[in-house]
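Note sheet for the following structure.
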Amino acid sequence: MARISGLDRRTFLRGAGASALLGAVGVKPVSATNLAGGSLTGAPEVFDFDEVVDRFGTMATKWDGAVADMGTEIEVGMGIADLDFRTAPCITRALAERCEHDIWGYQRRPAAYSEAVADWNYRRYGLEIDPSTLVWTTGVLPALIAALQTFSPPGSRVLMNTPTYNGFYSALRFTRTITEDSPMVFSDGRWEIDFDDFERRAQRASSFILCNPQNPTGNCWSEEDLLRMGEICLRHKVVVLADEIHCDFVNAGQKYTPFASLPDREIVDNSLTFKSMSKSFNLAGLKVSWWFSTNPSLQSRCRTNSRADLHTLGLVANHAALTEGEPWFDQALAYLDENQSFAESYIRDNVPHVHYRKAQGTFLAWLDMREISEAIDAPGIAARQTAEGSTVVAPEDVLQRWLAENAKVFLGPGDNFGTGSDGFMRMNLGTPRSNIQRALDNIASATATL
Ligand SMILES: Cc1ncc(COP(=O)(O)O)c(C=O)c1O
């Protein structure tokens, strides 16, 4: 497949007479580095993911938000799914260049930007996307909301494998649809689909939100699993909404299978796929994503509900990531894979009340903390607080607060992730390894006497 990757920002800057402004304002100097992110000496650039960057005071949800939520000092924020790494220097350079041309009028999106998305997916996964079918939006969640508004009328049911990403529940609330949780089975540290339950529930659902790879369990679904879910959905006229935002995070020896690459045209044509670079390059605050379908009918129906008010800087950052950021991303991925291995072995050796088996993908760890929950009587405290107050308190909310107060670590509470999450908490491993060790040491000390 022929691919074009244009560097429109440079063309633009040449036209604007600003090409001499490279490396200006606010760019961290990277010695002996050329514009493309390589070393002028020819050696590949090595990026430092061990650097701890203080994000407190930057209004970061993961850090300042954790303190605000808990009302107590937090040493390690490990909640919302973003990375604590400086992004790829090619992105910061591209943004700085664009900022030098300080006119912020309405912005066109060159065709090369869609080509760059298609290139990335073809290069890395062999997935062929027709660039003309890509619909750009401000985020995967807004795009999923557009899809739900298209295929799932208010009051209809939306199927999900649970535990699953908590944001889906807010999309369901917004679209006034009802969750149809199909709880997965936890066996030998792995979460597996209960296909009988899945099919029973599919019969009364209008759409299915697939999370591939799965947040929070990290499962990278096999072709066989995807085909089986896809076939059930096709048979029961359930549209598949494949959220593949985490697809770039696949650990060594594992495989991401794009739903749109399945070897059954009818199954693929019953789906839409939602993606972005916002997890891969930590660009969530810059609000750009895209979706597509191989089915022109589904595509045009959903397009009417999908609105994109994209930001110039978001477009510039994403284009730089897609065209120049791969060396940075590959190193980030290797680092995160090691973070997962580190967390698994460190927990096994040092944190006896927590259990974790390395995830197949994502930079998230779905921790089994049922022993701690029981030891602190989180269910009993939650029941009492619910009876005394005006809101429902879940045992995992109690556990979250206990960990914040006793270990100074902020984790995502399991109950936010749907049915079957009792006693589980989500830890974000997208951070320098020293932060992970600090958090686990704190948890080990806090729980030593339980
Ligand atoms: C599975 C999944 N989908 C969607 C999102 C949110 O995506 P966006 O910020 O593009 O709306 C997240 C963020 O954590 C996620 O984990």
Kindly check whether there is at least one residue in region 95-117 that is within 16 Å of the ligand (Cβ to nearest atom) and hydrophobic (A, V, I, L, M, F, W, C).
yes
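This table checks each residue for (1) out of contact with any strand residue (DSSP E or B) (no Cβ under 7 Å at 6 or more places or on another chain); (2) crowded, with 22+ Cβ neighbours inside 10 Å; (3) without any contact (Cβ under 8 Å) to a residue 60 or more places away in the chain; (4) assigned by TED's automatic domain parsing to the domain that holds E128.
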site: G42; (1), (2), (3), (4): yes, no, yes, no
site: V53; (1), (2), (3), (4): yes, no, yes, no
site: G71; (1), (2), (3), (4): yes, no, yes, no
site: R98; (1), (2), (3), (4): yes, yes, no, no
site: H101; (1), (2), (3), (4): yes, no, no, no
site: W104; (1), (2), (3), (4): yes, no, no, no
site: A116; (1), (2), (3), (4): yes, yes, no, yes
Selection within region 14-73 - part of a loop (DSSP other than H, G, I, E, B), modelled with pLDDT of 95 or more, among the hydrophobic types (A, V, I, L, M, F, W, C) and farther than 20 Å from A320 by Cα
V52, V53, F56, M59, A60
Cross-chain or 6+ apart pairs with Cβ under 7 Å, region 397-421 first and among the basic types (K, R), then assigned to a loop (DSSP other than H, G, I, E, B) and surrounded by fewer than 20 Cβ atoms within 10 Å (Cβ to Cβ):
K408/E73; K408/E75
Name the pairs whose Cβ atoms lie under 8 Å apart, with the first residue in region 128-147 and closer than 9 Å to F292 by Cβ, the second among the polar types (S, T, N, Q) and within 15 Å of the ligand (Cβ to nearest atom), and 6 or more positions between them or separate chains?
V135/S306
Taking region 170-201 only, how many residues are basic (K, R) and either at positive phi or in contact with a Cys (Cβ under 9 Å, 6 or more places away or on another chain) (or both)?
1
Flag for N212 being within 11 Å of the ligand (Cβ to nearest atom) and within 18 Å of the chain's Cα centre (by Cα):
yes
If P413 meets every condition in (1) crowded, with 20+ Cβ neighbours inside 10 Å; (2) more than 18 Å from V76 (Cα to Cα) apart from one, which number is that one?
(2)
Please indicate, with yes or no, whether at least one residue in region 380-393 is buried (at least 22 other Cβ atoms within 10 Å of the Cβ) and either over 30 Å from S222 (Cβ atoms) or assigned by TED's automatic domain parsing to the domain that holds A332 (or both).
no
Out of T137, T150, T177, report the one residue that is of a type in the set (S, T, Y), crowded, with 19+ Cβ neighbours inside 10 Å, within 16 Å of the ligand (Cβ to nearest atom) and closer than 24 Å to S206 by Cα.
T137
Candidates S187, S207 - the one that is among the hydroxyl-bearing types (S, T, Y) and within 16 Å of the ligand (Cβ to nearest atom)
S207
Does R426 satisfy the condition of being among the charged types (D, E, K, R), under 25 Å from E73 (Cβ atoms) and either assigned by TED's automatic domain parsing to the domain that holds T162 or in contact with a strand residue (DSSP E or B) (Cβ under 8 Å, 6 or more places away or on another chain) (or both)?
yes
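The values are calculated or read from the model by the stated rules, or taken from the named source; none is laboratory data. Keep in mind that this is a model prediction, so the values were computed, not measured. All Cβ positions, glycine included, derive from the backbone under ideal geometry; neighbour counts span all protein chains shown.
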